1. Which whole-number percent is the relative contact order of region 6-63 (Cα, under 8 Å, 6+ apart)?
2. For region 84-165, taking Cα atoms only, what is the radius of gyration to one decimal and the Dmax to the nearest whole Å?
3. Using the Cα atoms of the chain, I'd like the radius of gyration and the largest Cα-Cα distance, Dmax, both in angstrom.
4. In debye, nearest 20, what is the charge dipole magnitude of region 84-165 about its Cα centre with +1 on Lys and Arg Cβ and -1 on Asp and Glu Cβ, if you could check?
5. Only loop residues by DSSP count here, and only those with at most 16 other Cβ atoms within 10 Å; note down the trypsin sites (Lys or Arg not before Pro) in region 35-74 that meet that.
6. What is the percent carbon and sulfur in the accessible area of the chain, measuring with a 1.4 Å probe over the protein chains and ignoring ligands?
7. Can you give the charge dipole size of the chain about its Cα centre, rounded to the nearest 20 debye, using +1 on the beta carbon of Lys and Arg and -1 on the beta carbon of Asp and Glu?
8. Stretch HIS111-GLN49 to full length: gain in nm at 0.36 nm per residue minus the Cα-Cα span?
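The values are calculated or read from the model by the stated rules, or taken from the named source; none is laboratory data. Keep in mind that this is a model prediction, so the values were computed, not measured. Cβ sites come from the backbone with ideal geometry, for glycine too, and all protein chains shown count toward neighbours. Ligands, DNA and RNA are stripped out before the accessible areas are found, and what is left, the full protein with its side chains, is counted by its heavy atoms. Shrake-Rupley method; radii C 1.70, N 1.55, O 1.52, S 1.80 Å.
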Amino acid sequence: MTVRDLAHFESWLTDRGAEVLDASSEREILRARTSTGTHVVYADKTGKQRWPKELLAIVSDYNAGRTPSLAATKRGGAARRKTRGRYVALTKRDGPGCFYCARILPAPGTHSTPDDEVTTEHLVSRAHGGPDHVSNCFLAHFACNQIAGHLSAPEKIKLREMMRGAK
Ligand SMILES: [Zn+2]
């Protein structure tokens with residue numbers, strides 16, 4: 001059994017609280033940290049995929065339309081840690097540019113300076129009750145997010161217009 005739309009499955013995992021991690025070899029097609037551990041899907045030379053049975057259990061929830069909570073009990077990273085699934089979903093929706101400055105964002109793990117690192121931000125902050133869902137998220141450079149700090153949603157929009165106008 002495989003998943004037809006891997007990017008969709010990845011964003012579903014992320015929405016359920018799992019973390020989609022960067023692959024550590026080119027044989028890996030998916031690496032995810034979930035409530036049942038970290039699971040890796042491998043593809044052999046012929047492209048045949050090997051799915052671990054713990055992940056297949058999650059896939060059957062996915063295919064059945066269930067919405068389990070998959071957050072790992074020990075979160076492996078801070079807010080800056082980016083999940084590939086969310087990056088994929090957000091660039092698909094918004095394109096490859098930063099929410100604030102519109103410059104192209106580097107893919108996760110490929111930034112040349114810390115300021116350029118791609119980060120996920122919440123339009124309405126978590127502290128103000130904003131949901132941790134892609135509908136409330138956008139991608140921006142680390143440096144641009146630092147400028148935005150703890151602004152309200154309308155102030156973030158204003159900052160975006162200013163930064164884009166000032167180009
Ligand atoms: Zn930016």
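1. Numbers: 65 pairs, mean separation 12.2, N = 58.
This gives 21 percent for region 6-63.
2. Answer for region 84-165, Rg first and Dmax second: 11.9, 33 Å.
3. 17.1, 52
4. Details: 10 positive and 8 negative charges, 48 e Å.
In total the dipole reaches around 220 debye.
5. Numbers: sites: LYS45, LYS48, ARG50, LYS53, ARG66, LYS74; in loops: LYS45, LYS48, ARG66, LYS74.
For trypsin sites (Lys or Arg not before Pro) across region 35-74 that sit outside H, G, I, E and B with at most 16 neighbouring Cβ atoms in 10 Å, the list reads LYS45, LYS48, ARG66, LYS74.
6. On the way: 5050 of 9580 Å².
Result for the chain: 53 percent of the exposed heavy-atom area is carbon or sulfur.
7. Values: 26 positive and 18 negative charges, 24 e Å.
Its charge dipole is roughly 120 debye.
8. On the way: separation 62, 0.36 × 62 = 22.32 nm, distance 2.97 nm.
Difference between extended and current length: 19.3 nm.
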